[in-house]
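Asks: Please see the structure below; I have some questions.
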Amino acid sequence: MNVFQNIKTYCVLFFLSFNITGSLANNTNPCKHDSYFKVLCDLCGCATSSGSFGFGTLSNSNFIGVRYIYQNFESKNGIFDNSPISKENFNTYQLWAQIPINKNFYLSANLPYQHLNRDFNNTEESINGIGDASLIGWYKFIFYKKEDERTINFNNQKQPSGHSIQIGLGAKLPTGKFEQRLTDNINPGFQVGTGSLDGIFSLGYNYGGNKIGVNTLLSYYLKGENKNDYQFGNQISYSANFYTVLKTTKINFMPFLGVSGDHFEKITQYNEKLNETDGYIINSSLGTEIAFKNYIIGTSLTLPISQDMFGGNVTSKQRFSLYLNYAL
C-alpha cells in the first residue's frame with residue numbers, strides 16, 4: 001500500500017477516536033500526567049528534514065518507545081514550470097526515550113533508522129541505514145503555587161503551579177553515513193546522515209492544567225563540518241502546541257493543534273557558501289495522544305503553511321508520525 005494511503009487511513013482513525021473517546025470523557029477530572037512536548041534537531045540530520053519534530057509526549061515525560069515518521073518532498077530540477085520533478089519519500093524508524101536522572105534533570109535520546117527513496121524521470125533510487133543519533137540533557141525549573149498564610153501546610157510540600165521552564169543542551173552525533181555523491185542533488189537533505197557533530201541549545205516553556213495545556217520550545221542548532229568539508233547551515237527551530245485533556249476512568253485522550261517552523265542558513269562547502277541552500281518553512285499540525293495504563297499511543301499530521309527552501313526548488317508536502325511508548 002502506498003504510504004500516502006496509510007496517512008489517509010490514520011487520519012480517519014484519528015477522527016473516529018476523537019468522537020468515540022470525546023463522548024466518554026469526563027472533563028472535570030484532572031490529568032495526573034506531566035505535560036511536556038520537547039523538540040529535537042532534524043531527524044535525518046539534514047536541513048530539509050525540519051527541526052520541529054516532537055521529542056516527547058503530552059502524557060508523560062519519562063518513557064521508552066518506538067516512532068515512525070514519514071516525510072514527502074518534491075524537488076524541481078530547473079527554473080521552468082514544466083521542469084522535471086523528483087518525488088522523495090523519507091521514512092524514519094526511531095528508538096527514542098526520555099530518562100529521568102533526578103527531580104529536575106533528565107535525558108532525551110534517539111536512534112533513527114532511515115529508508116529514503118525517490119523517483120526522478122522514472123528512475124528510482126533508495127538509500128537506507130542508521131541515521132544520526134541524538135542526546136540532550138534538560139534542566140527543568142518548576143514553579144510552585146504561592147502559599148496561603150492562613151493555611152497550615154502539615155506535610156510541608158509545595159504545590160506545583162503547572163508552569164515550568166526547561167533548558168536543554170546536547171548534541172547530534174555523526175552515526176549516519178554521509179555520501180558526497182548525493183550533494184549534487186537538488187534536495188541536499190536526501191542523506192542518511194550528515195557525518196558531522198552538531199550542538200543543540202534549547203529553551204522551553206510548558207503549562208499543564210487540568211483541562212488545557214501549552215508547550216513551546218525555541219532551539220538553535222550549531223552545525224559542524226564533516227570530513228568531506230561539507231557543512232549544513234545553522235538552524236533555528238520553534239514550536240507551540242495547544243492541547244486539551246479529555247479523561248475517562250481508564251484513558252486520557254489529548255487532541256492538540258500546533259504551529260512550528262525552521263529557518264536555516266546556507267550550506268558551506270570548501271569554505272564557500274552555496275547559493276540557494278538556505279530557507280524557511282512554517283508548519284501547522286494536528287494530532288492526538290491516548291494514554292492508558294503505562295502505554296502511550298500518539299499520531300500527528302503536519303502540513304506546511306508557508307515555505308521557501310533552496311530557492312523554491314524543494315517543496316515539503318506533508319509529514320506524518322505514529323508512536324507507541326511505555327511510560328517509566
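Asks: Determine which member of the set Y139, Y221 is in contact with a strand residue (DSSP E or B) (Cβ under 6 Å, 6 or more places away or on another chain), buried (at least 17 other Cβ atoms within 10 Å of the Cβ) and outside any loop (DSSP other than H, G, I, E, B).
Replies: Result: Y221 is the single residue among Y139, Y221 that is in contact with a strand residue (DSSP E or B) (Cβ under 6 Å, 6 or more places away or on another chain), buried (at least 17 other Cβ atoms within 10 Å of the Cβ) and outside any loop (DSSP other than H, G, I, E, B).
Asks: Now a separate question. What residue, among those in the range 218-248 that are in contact with a helix residue (DSSP H, G or I) (Cβ under 9 Å, 6 or more places away or on another chain) and of a type in the set (S, T, N, Q), is farthest from Q269 (Cα to Cα)?
Replies: T248
Asks: Also, I was wondering about something else. Being assigned to a loop (DSSP other than H, G, I, E, B), closer than 18 Å to I296 by Cα and touching a strand residue (DSSP E or B) at 6+ places or on another chain (Cβ under 9 Å) is the filter here; which residues of the range 249-284 pass it?
Replies: Passing the criteria: only K250.
Asks: Another one. Residues that are surrounded by 13 or more Cβ atoms within 10 Å (Cβ to Cβ), at pLDDT below 90 and over 23 Å from Y207 (Cα atoms): does the range 114-135 have at least one?
Replies: Yes; the residues of the range 114-135 include at least one that is surrounded by 13 or more Cβ atoms within 10 Å (Cβ to Cβ), at pLDDT below 90 and over 23 Å from Y207 (Cα atoms).
Asks: How about the range 224-242: which of its residues are surrounded by 23 or more Cβ atoms within 10 Å (Cβ to Cβ) and among the aromatic types (F, W, Y)?
Replies: F232
Asks: So, Y70, is that one in contact with a helix residue (DSSP H, G or I) (Cβ under 8 Å, 6 or more places away or on another chain), touching a residue at least 40 places away in the same chain (Cβ under 8 Å) and either assigned to a strand (DSSP E or B) or closer than 28 Å to Y326 by Cα (or both) or not?
Replies: yes
Asks: Next question, about the same structure. Looking only at residues that are within 30 Å of P255 (Cβ to Cβ) and more than 19 Å from the chain's Cα centre (by Cα) in the range 208-228, which one is modelled with the highest pLDDT?
Replies: I212
Asks: Going by the structure shown, is S108 of a type in the set (S, T, Y), buried (at least 17 other Cβ atoms within 10 Å of the Cβ) and under 19 Å from the mean Cα position of the chain (by Cα)?
Replies: Considered against the rule, which asks whether it is of a type in the set (S, T, Y), buried (at least 17 other Cβ atoms within 10 Å of the Cβ) and under 19 Å from the mean Cα position of the chain (by Cα), S108 comes out as yes.
The values are calculated or read from the model by the stated rules, or taken from the named source; none is laboratory data. None of these values were measured; they are calculated from a predicted model. So basically every Cβ, Gly included, is an ideal-geometry build from the backbone, and we count neighbours across all protein chains shown.
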